[in-house]
Each structure stands twice: as structure tokens, then as C-alpha cells.
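See below for the structure under consideration.
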6 protein chains.
Amino acid sequence: MSIETPAPEQTNTHTGALTAELHAKLLATPVAGLSAQLRKRGLNTMTIDGVRPLHPTAKLVGIAATLRFVPGREDLFISHGGGYNAQKRAFDAVKNGEVIVIEARGEAGSGTLGDILAIRAHARGAAGIVTDGGIRDCDAIAAVGIPVYSKGAHPAVLGRKHVPWDAGITIACGGTTVQPGDIIVGDADGVIVIPPAIADEIVDAALAQEEEDAWVAARVGEGNPIEGLFPMNADWRARFKQERER
Amino acid sequence: MSIETPAPEQTNTHTGALTAELHAKLLATPVAGLSAQLRKRGLNTMTIDGVRPLHPTAKLVGIAATLRFVPGREDLFISHGGGYNAQKRAFDAVKNGEVIVIEARGEAGSGTLGDILAIRAHARGAAGIVTDGGIRDCDAIAAVGIPVYSKGAHPAVLGRKHVPWDAGITIACGGTTVQPGDIIVGDADGVIVIPPAIADEIVDAALAQEEEDAWVAARVGEGNPIEGLFPMNADWRARFKQERER
Amino acid sequence: MSIETPAPEQTNTHTGALTAELHAKLLATPVAGLSAQLRKRGLNTMTIDGVRPLHPTAKLVGIAATLRFVPGREDLFISHGGGYNAQKRAFDAVKNGEVIVIEARGEAGSGTLGDILAIRAHARGAAGIVTDGGIRDCDAIAAVGIPVYSKGAHPAVLGRKHVPWDAGITIACGGTTVQPGDIIVGDADGVIVIPPAIADEIVDAALAQEEEDAWVAARVGEGNPIEGLFPMNADWRARFKQERER
Amino acid sequence: MSIETPAPEQTNTHTGALTAELHAKLLATPVAGLSAQLRKRGLNTMTIDGVRPLHPTAKLVGIAATLRFVPGREDLFISHGGGYNAQKRAFDAVKNGEVIVIEARGEAGSGTLGDILAIRAHARGAAGIVTDGGIRDCDAIAAVGIPVYSKGAHPAVLGRKHVPWDAGITIACGGTTVQPGDIIVGDADGVIVIPPAIADEIVDAALAQEEEDAWVAARVGEGNPIEGLFPMNADWRARFKQERER
Amino acid sequence: MSIETPAPEQTNTHTGALTAELHAKLLATPVAGLSAQLRKRGLNTMTIDGVRPLHPTAKLVGIAATLRFVPGREDLFISHGGGYNAQKRAFDAVKNGEVIVIEARGEAGSGTLGDILAIRAHARGAAGIVTDGGIRDCDAIAAVGIPVYSKGAHPAVLGRKHVPWDAGITIACGGTTVQPGDIIVGDADGVIVIPPAIADEIVDAALAQEEEDAWVAARVGEGNPIEGLFPMNADWRARFKQERER
Amino acid sequence: MSIETPAPEQTNTHTGALTAELHAKLLATPVAGLSAQLRKRGLNTMTIDGVRPLHPTAKLVGIAATLRFVPGREDLFISHGGGYNAQKRAFDAVKNGEVIVIEARGEAGSGTLGDILAIRAHARGAAGIVTDGGIRDCDAIAAVGIPVYSKGAHPAVLGRKHVPWDAGITIACGGTTVQPGDIIVGDADGVIVIPPAIADEIVDAALAQEEEDAWVAARVGEGNPIEGLFPMNADWRARFKQERER
């Protein structure tokens, strides 16, 4: 099994903020570095917390397509839970390069994703799936090869805890708010939400900082103390600039 | 301070499922009895859990008007949090006899209601307010005299944890789902959601059961054992019917 | 409404470890003082935590009669939940001076006690009821006048979360273990379990300590420092003994 | 190290509901599929939640043998915790094909299983062990090669949080109720409890559904939409039947 | 029993930032209003969350004196828990007008305050006590008449969960950080920490806002809509200024 | 990548209680065995709970060097969070053979360790890092090759939840207390704290018990029952001694 991070230029093209150049940069940038740049601009609440990647090594980059579940209620499950429900319509409609982000209120006691819908998302070219609920058929989902972040596995079907409700609205997921069109990036550290209007600025600043931090890390690995180096004082910064210019 | 449970027949009349007769019956019926009847019909997930009444003795009966907050996100609070936001619009628009039900995701770390909005709801003839978040100015709110159920007091303003987002959609509150138009009933035992289509059936069955249970309670108070009496066997039921017919 | 702490010498006499003298002493001793004496003898895990008294001023003293609920399971509720079930049999069988202690696994999402069973327990001369689950009809239960400790009110019937299972076995309640025959004492600080074999020793030691602490409290109230006085040094102890002998 | 799922036909034969044929079918059926069939029959509370497999690839199938721990209490640990206690007796008595299911109240702060008892269970032909508490010597247990599901590792001995109490009674584990004789099935999605009387019906229905779902998954993988296919409309079903009959 | 909020000008005078004028203003200002002003200046994490007042009507104003407990560890309790320990030294040393703020890590399973120490704090002129742990002898503490905020009552002595460790250092309490010398204000909405350097600015701004909000509340009570009034538009503000000048 | 457990005899030698002999013995002893010996001496609260190893196979042995973070507070982060703060000073000062133990109050919502500081600790010869908070750059930290135990990964920088405050004082971590100089041992079962004064006694007793338990495990693996063997009766013990003497 190999986990591919799908490129955005395929069929069903999503005409959003995620250009091929931006996509490539985001693939190359750790979520931790993006998080730091968001914080520098006053954005501290941009992480989807409590979710773990099904494949630790699969980088996730895409545009949010939202799906909302409401708490299980027997009468509403009868009217809205069966047949071609909101969940299934959302997976049929997902566009190439999108990440389906699911509001499940942190409730892990049922599966908010199964293997058939994961296969469908993959076939549509979706970039990944993030849910703050559980997933079922987790071994089968892992075999599909699409990046998935969730609260963990649970064998029960959706209706044990949820009613599939609507899609395409602003939702809550993992303690933050996600809007359709937000840029979603995930790696082993977690999942972050980037407002599309500042994505270029954020990723460029993060890449520049990564270069600097990698140089600092190398100096620390050589035995230099943190003091004066992290953050860099004038002497270290001069040396950094000098070496970088070579 | 006296806590009034407003009658529905006032200004701003809400033309919903809550007739004056149904309203009067619901006022007279314990939430516990309504809950038992919902369960008999397969509805087990109809309680708004984790909320407590600000005034323990205030019965709450009304029609749900929903309001949704999403998790605090600095950029969205700038765009949606200030001025005449979704929260304020909802309180200006509440109709006589309605209960404002707020989705706050169980987050109690800020106030989702303050005294000025409580005064506005009361002035509009609202029947009450239910939030699964915190409230601020709790002493001032208590003085307004409108039934309020919440997760407790917190001094911070809304924006510490929430962005006011939208109103009039189906929401989650206290672990259940609430739709605009659902009937909301609260007392010291908690808050329950009744689908309007079955409200008459539920309340009639609950009142009948209350009469029966009160008779059983009186017999138990006289020293009779539970066995055969609760539930009633044929002998006891015969005696119950006989006495009731007098 | 007045809350009586029933005296043990009535009908249905329980021939247990709780003599009238021990009962009177326990009524006069704060739970905090009993807890300290248990700890001095190496017993640190004797409190039923997370429960609150329905009437803050009602002292509870009695002998444990245990009742166990297991998690709700639809098939087992059909076979064991209805009719004259284990819960109802336990309330019919409770003896004068006993405290019904219920294992509800800390699950507060349904009522593990209703008003009719509370009336029955009171009619049988039970000393009180302790449950680490919810209670329903809480206003009606409060009117019965029997001390009740619980996790709070919930309107749903038992079967939403529990199946009534068995009685008279060793159970878990509020994080500790309770055996039938254990002595249960509750007040505003909480509920404690005392092994009957050491109850006399514990209460005598606690009462002696109370006398000493009350004398210390009076001295501290007069402006004396804690140093040397709490615990008492030789000088203070000499003065304490002298005054006590007068 | 290889993890064997022991076949039931060995020594110490358990004369229960788990025939060799049923055992083989359950081995071949995902827990998620069994869960869906239980739900179709109104059984929604049959999962042991919060436990994780020590070896993700080890399928677990067996008959429940129950063991109950009560909360740690110093006096009861002295009387019941040491020597040949209830825990040790249960492991010596486990029969071939049984799964030891332990009630540990979700308390993960000590080990409810160590390597010596795991070796004993394996030597007796037990099919596995499920505990909603912690395990200690987790690397050594993993080396034994018996399927184990738990809340995770903790180095402390049992007595830090528990007193081993009794065996062979109905217990709570992971939020559901387990009876001796229930059928236990586990895989990467979780652990499920199946009442023995309906096990044949459940597994047959699940296997039939698996076949259907696998066919649907293949069609979705070919690029077909969910709409009309999952669940299947008349056209798809006709094609499914046609292909299956070949 | 009357609950006094002690005036700061008594014996043992604390020469801190809390002048009599500032003290009087803080007594007159709701915690909710102070919280809003802190947030306006970028301070969002200043509340001690999860604590409740023992006397709902007692306003708390004072200067923080800190006390830190570390988790119970048997060897350290032997060396540091008994005799004239850090807790007792802190209560003997508290100055007039100070609030003892205790770090108990949110652990409510023992008493971090008992009646004798509460009496001592009161005798020293302390303004109050805030702990994010439990309290024991809660009825006796309530009778002392000093404002106390805690996580609730628990009968056990301190050593069940804590070792008293040190005082006068920066601590964590209820999710925020408290430094010796910080200004502490509590009421029914909760407890807030104000850095002394900005206390005058904060309270003056809060009082001005209170006046404005009270005027707005009166207008809303008269039936005016929120729109344009809360926050005030130019017309309403002109009217407000005009009336205030009269 | 290979994970080394650094030997203590290098540069920056820490002159503590951890001799080379003791270090070697601790490397050879499971944490579970050490925990059992501490309990035998009345020490039940010595585990750092809720932390997981980044590399499951890396044994951790070293001497505690403590670091304390306090809850995020905007004003204090400005004064103490930036530049060469307490966290950075602690990593520059760590000595060979030490384990940096971080108090993060169990708050996992930010990184309390990043790759550059992990590299610095490794370069200084530190034995490992234990934090009851999150870590960021977790893949990069894993590549450093120093044992790390944490609550999991989070992409945010420290300041989202913490202010780095002080070092070298007694702290709380994972529910226990850690003093500078305590011996820290970790493996797949968890992390334990050993008071240095009893470390030799503890490890010798644990090693002796390991030998005995390994012999018992072998006998159980041969099919012998637990009864009489675990714990050993006189017959088994005689045979054990006899074989050991050969």
C-alpha cells in the first residue's frame, strides 16, 4: 500500500485558492512552521485538535469541503439518516483537491467514515478526509491510500451517534472553525486551517523560517549553545546570511 | 424578584404548534413524565444535558428558536463578532413564546448570554433561554425574571471562546439536536425537546401517567409494597379505576 | 418540609453493627473528622466522591444495603429491566436504618431513583439513599424527607443508561468499594464508608479530636497563631488539658 | 513473534455456543459488519469502547469468561488482594476458546494483567483477554502471542487501583454489559459482544452484507457514484445478482 | 452569619498596589466588566476557572498571596506534610487585605482548606481564599465569614492528594497564572486576576462602561431593539451623553 | 535512526546519585518491576502518568532536571516568553546523564519541546526528556535519537498555552511530584520516579524479583497452574532455590 498525496491538477478541478505553486510549497512545509507564522499574525486557534493520522507519513494539503453531523436523534435519523443522505451527497460532490472536513463534535463512538465512502473520495480526487469523530473499516480505509485524520476506530455505523445533516456551511471541527474554501494542511504534528487570503504569505514566511531553523539546528548539532543562536543574535545572523549567500 | 413563565398569548405572536391548551398542559406536566413518554415511542435522545436552571423553580415551556456559535477564531471574530452580529439579531427577532436555544458546544469558558440580551428577550416575550455554554452577569440575569438554563457562570465576553454565527438552523445543544419549532420544556430535572407533531399525544399520555403515578405514590406512602403496585397488577388497577371513577 | 434523619430503633430492625449509641455518636461527628481517623489507620480510599446531597443540611447515618446496575443493553433490559425488577425488589426489602447504596458507574444521564421508590424507602425506615447516578422527580424526592446523595437530576427513566441487575453484593460507588453492612455517613462535606469492625474506635477518636480541634479553633479565633497550636505543642496541650478538666 | 488466534477445538473444551463453524465464520467477518447487523436488530450498545489491541492484526473470537475488580480499598486489599486471589483463580480456570473479560471501571492507572497470567491464559487455550484497565509488562505480554485489548500500559501492580473480587458474574466493561457465555469478537475497529442466541443469524447476515458491500466497493472504485449504488437501487441490485450468480 | 468583605485598612497592613480608592472601586465593579476591559487590552487568560463561591453574595477584592501544593507522594508527605508546614506558615503570614491563592492543580479529592486555617486567615484580616482544590469542614468555613472560592467540598485531609510545598512564588490556579501581588476580584460570575500596574486603568474603564451599559439596559427594558443601541450608534450616544450631563 | 540510551560517563558529568553500576542495573530492570518494589515500601504515587514514548523501544534512565511552565498569560508571555527564556536556559544547562522533566500541567495543546532544543539536549549528553505537554516537530525530534516521553504531538509553539517560567525546583508532572535529583526510569510501560536514597535497594530487589518471576513464567509456560506457584509455596520455592544454585 502506498499513500499518495494527490496532486490538484486532475479532473473535477476545484477553482479555488490553491494554485499548483502554493500546493507544492505547502507540501514542503511542516505544519509546525505554518502554525508559528499564523500565531505571529495573531491567529492562535487554527488547529484541528485531537485527530490522528491513519498513515503517519501522509502529508495532507487541500481545500476544505465541509460536512456537518448533528447528534443522534431517533426521529431525525428516520427522516434524514437513510438513503442518499447528506453524507453520501457530499462524498459524491467532492472536487479534486478538496479535503472533506467533518463536524462530529468530538464524538468517537461510531464511524463517521467507512471504506466505501473513502474509496469514492479517492476516486473523485479528493486530497483527504478529516473528521473529529471515529472511523470504521479502518484497515480497509488505510488500504485506499487517501490521507485520513480521525479520533480513532469504532465499529458502529454512523447512526449510533449522529444524523448526517448538511454540507458546505461553516463548521466546528477539533475545536476550531472551518469554512468551505479554507486551506487544510496536515502532517504528523497535526492539522491546521489557513485562511486562503493569507496562505501565500504564510507559506513563504514559513519556508524562510524553516531554512533559518535548519541552519540553526545544524549549528546546535555541532555543539553550540542555544544562547545567542536561537533566536540568532547579530553575529550568528551575519554568519547565517554569509553562508546562505554562497 | 419573581420568575414568571410568560404565557404565549401576548404580542409578537408566534404561529407555531404551541396552542394555549398545549402550553397549559405542558406547564402542568413534569419533564420526567414527558421523557418517559418519549422513550415509550422510541425517542431516547431528547434531553439537553449538562445545563442547570438559574432559578430552580421556574418552569420553562416554549418553541425553539435556534442560534449557533462556532469556535473562537481570531479572523472570523473580526469579520463576524462585532457590531450587530448574529447573536444580537437573533435576540431582536425572537418571538413571543419562543425559547432561544444556543449551540455553544458545551464550552463554558465565556458568557454566551449577558444581562442586556436577557432583558431584550424578556421584553420580546420570549419564554426562556437555553445555552450549553456559560452566562455572564448572572446576578443581573437572575433579576430579569426570564427562565435561563446554562452550564454556569463565567465573566468573560462571548469572543473569548465563540464567534456568533447563524440562527434558525438545526443545531446541537447539550448532546441532542434541536430544530427551530421544536417544543422545549424545562424544570428542575432538566430540559427536554419534543417534536411538535407528537406534542399533544405525549403530554396527554404523560398527564394520564402522572395521575396514575400519584395514586400509586399515595398507596406506597401508606406502606404498601412496590410489588404488584408499581407497575400495577390487575387487583390494584381495578381499585385505581374504581376510585378514579368516584 | 423537614428532613429527618431516622433513628434506627423502629420496625424492620436491622440487626447490624449500628447500635443506638454508635448511631448517636456518628450523628454528632462530622464526616471530615471520621475521614481523618480512617486515614490515620491507613484507609485513604473510603469516600464516595462526586455525589451531592439533595438537602444540604441532612445528616446521613446508616448501614449499607447495596444495589447494582449494569450498563444499558437492549436485550438485557427486555429480560431484566421491566416489572418487579432488582431495583424494586431492593427497595421493598430495605430494612430500618439501612442506606441503599447504588452502583451506577458515575453515569448521570438517567434517573436511578424516582419519587415512588424514595417514598417506599422512607416508609420502610431506610436511613437514606446514595447513588453515583442521576435522580429524577428531584423536587418530589426532596419533599419525601429522606436524605439522598446523587450526581444530580436527570429526567430520563433508568433504562436509558442502566439495567437493574442485582443486590446484596459488594459494589463500586463514587470511586470506592461498598460492602453490605458497611457503615455509611454523609454530611455537607461528602459521604464516607466505615468498616463496621472499627466504627466504634473511629468515632470515639474522631469525637475526641473534634473536642480538641474546637478548642484550637477558639484559640485561633482569639488571634493566636497556628504555629505551636495546630498541632499543639506541650504548652498549649497543657493548657488544653487544664481547661478541659475544669 | 507470531500472534495466533487459537482454534477452539483443543483441550479443556468449552461446551458453549461457539461451534467450529460459527468460529470460522466470525474469524472471517469484520467487527464493523457484525455491529451493523446488531444495530439492525435494535442492539446499539454492544461495543466495548476505549480499548485498543496490543497487536493490531490479531483477530479475536471467543466466549466471555468474566472477572470483576472493585475499587482499591486498603482493608479489602488486605483480605482479598493477596495470595491465590480471584484474578489468579480465574486465569487458572479459563477454558479453551474463552476470552477473559475484565471489569476495571475504565481505570487505567495500574496493570490488570501481567505477563505471567497472560502466559497462563495462553497455556490454557484461552482465545484472548479484554480489560478496560491497564496492562503491565506490555512488551512481555505482546511476546506471548495471545490477543489482548486494553486501555494501555501502566507499570503499577493491580493493587494500586483495584481489588480482585469475583468471576463468572455479569459485568460492565468498556461501557457495555458482558455476560459469561456472550460471544466476543475483536479486530482493529474494536471489540463487540454478541448474545449467543443470535450469533448464527448475525454472522450469516453480516457475511452476506460483506459480499454485497465488497461488490459495491469495487463499483465505486471504478468511478461510479454513491447515488443509486450505496444503497443499491433496483438496477444495480439486478446487476449484482446477475454477476453473483455466474 | 454575615459575610464581610474586609476593608484593607486594618492591622498587618499590606503595602501593595491596592489603595483604599482602588479597593472601593473594585468592590463596586462586576468581575464581568473587569474581564471585558482586560480583553480589550489583549488579556484573555485572566480568569481562575472552575471555582465556585461558598457564599454567592460575597464580593472578593484583595492582593494575591500564593501557596503551592504538589501532588501527593508518600515520601515527600513524610518530610514536608506534617507539623508547621508550608500551608500553615502561609496562613500565619497572610497580611491584611491579601487573598490566599492556592495551586491545587484542579484536584478536588481532598480538602485544601479547613475551618481552623480559615479562622486564622480571617483573624489576620485576609480578604479571602481561592483554591482550585477542595475544602473540608465546609459548613464551619461558611460560618467564619471570609469569602472562599473552591472546587467544592471533600471530607479528606490535605495529604490524600497533596503535599504542601512553598509560598510566595508564581503559581497556576484554575487555568491561569497568579503572581504574588496580583489583584484578585471575585463575584458570582467568577474570579479574575488583574496585573497591578493596570488596575486603575482597568477599573476606571470598567466603571465607565458599567454606567453606559446600565443606561443601555434601561433603554432595552423599555422595549428598544438591540440594533443601533448595543453598541450605541451616533444617535443613541448623543442621547446618552445628553442625559448623563443633566 | 538508532535510539541510543546515553551512558552517564561523558562530558558535563553530573555528580549525582546515579553511579555507573546503578545506571547499568536500572537499564536492565523493567519499570514494572521497580514500581512493584516502590509499592512494597509504601510508595504508590511514583509514576508519571499519561505520557507515551516517542520511540517505544528506547529505555530511559537518568537524573531529573526540572523545568516549569505556567499557564499562558499574555502579559507574562511578553515579559518571560521570548528571547533566552527559562526553557532555553534549562536546555543549555542540562548535564550529562540528566533527564529534563517538564511541568506542563497535562496541557497537550501546544509544543513544549521542538527539534532544536531536543538536539541541544542530545548534544549536552542528556539522557532524555519527559513532558506532560505536547511536542512539535515530532518527526524531527524522533530523528534526533534521544528518548522522549510526552502527551503527543501538537504543531503550535509553546506560547499558545504556556509561559516558560523557572527550573530546578520541585514540580508536578503526570500526576506525581518530581524533585531535581530524583532518578527517572522509563520503558514501554511508562515512566517512574525513584528517590535517589533508596535507588540501590529498589533496583536490587527488583532484579532479584525479576529472576524469580522469569523462573515462574517459565514454569507457567510449561503448563503449571498459578495456584501454589505465583506466589510460590514452599515446594516450588525449594525447587526454585535448588535450580538457581546449580
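The values are calculated or read from the model by the stated rules, or taken from the named source; none is laboratory data. Values in this document were obtained by computation on a predicted structure and should not be read as measured data. Note that each Cβ is placed from the backbone with ideal geometry, even for glycine, and that neighbours are counted across all protein chains shown.
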Checklist entry - Which of the following residues is in the same structural domain as A:Gly133 (by TED's automatic domain parsing) and closer than 23 Å to F:Asp137 by Cβ: A:Asp187, A:Asp213? => result A:Asp187
Checklist entry - Quick check: anything in segment A:62-76 within 30 Å of F:Ile116 (Cβ to Cβ) and in the same structural domain as A:Gly128 (by TED's automatic domain parsing)? => result yes
Item to check | Residue list for segment A:63-109, restricted to those being among the acidic types (Asp, Glu) and surrounded by fewer than 24 Cβ atoms within 10 Å (Cβ to Cβ) | outcome: A:Glu74, A:Asp75, A:Asp92, A:Glu107
Item to check | Boolean, A:Glu21 is within 9 Å of another protein chain (Cβ to nearest Cβ), surrounded by fewer than 20 Cβ atoms within 10 Å (Cβ to Cβ) and of a type in the set (D, E, K, R) | outcome: no
Item to check | Matching entry among B:Ile192, B:Ile146, B:Ile171 (being over 24 Å from E:Gly186 (Cβ atoms) and in contact with a Lys or Arg (Cβ under 8 Å, 6 or more places away or on another chain)) | outcome: B:Ile171
Checklist entry - What are the residues in segment F:35-58 that are β-branched (Val, Ile, Thr) and surrounded by 19 or more Cβ atoms within 10 Å (Cβ to Cβ), if any? => result F:Thr45, F:Thr47, F:Ile48, F:Val51
Checklist entry - Taking the stated definitions as given, is E:Ala156 out of contact with any helix residue (DSSP H, G or I) (no Cβ under 6 Å at 6 or more places or on another chain), in contact (Cβ under 8 Å) with a residue 40 or more places away in the chain, assigned by TED's automatic domain parsing to the domain that holds E:Asn85 and of a type in the set (Gly, Ala, Ser)? => result no
Item to check | Condition check for C:Gly125: surrounded by fewer than 24 Cβ atoms within 10 Å (Cβ to Cβ), touching a strand residue (DSSP E or B) at 6+ places or on another chain (Cβ under 7 Å) and in contact (Cβ under 8 Å) with a residue 60 or more places away in the chain | outcome: yes
Item to check | Looking only at segment F:49-63, and only at residues there that are farther than 30 Å from F:Ala197 by Cβ and touching a helix residue (DSSP H, G or I) at 6+ places or on another chain (Cβ under 8 Å), the one that is farthest from the other protein chains (Cβ to nearest Cβ) | outcome: F:His55
Checklist entry - Got at least one residue in segment A:163-176 being closer than 29 Å to F:Ala121 by Cα and either assigned by TED's automatic domain parsing to the domain that holds A:Arg68 or at pLDDT 95 or above (or both)? => result no
Checklist entry - When segment A:84-110 is examined, which residues are found to be among the small types (Gly, Ala, Ser) and in contact with a Pro (Cβ under 7 Å, 6 or more places away or on another chain)? => result A:Ala86, A:Gly97
Checklist entry - In segment D:234-246, what residues are surrounded by fewer than 17 Cβ atoms within 10 Å (Cβ to Cβ), out of contact with any Asp or Glu (no Cβ under 8 Å at 6 or more places or on another chain) and touching a residue at least 12 places away in the same chain (Cβ under 8 Å)? => result D:Glu243
Item to check | Test: residue in segment B:39-48 that is part of a helix (DSSP H, G or I) and either over 23 Å from C:Ala143 (Cβ atoms) or touching a strand residue (DSSP E or B) at 6+ places or on another chain (Cβ under 7 Å) (or both) | outcome: yes
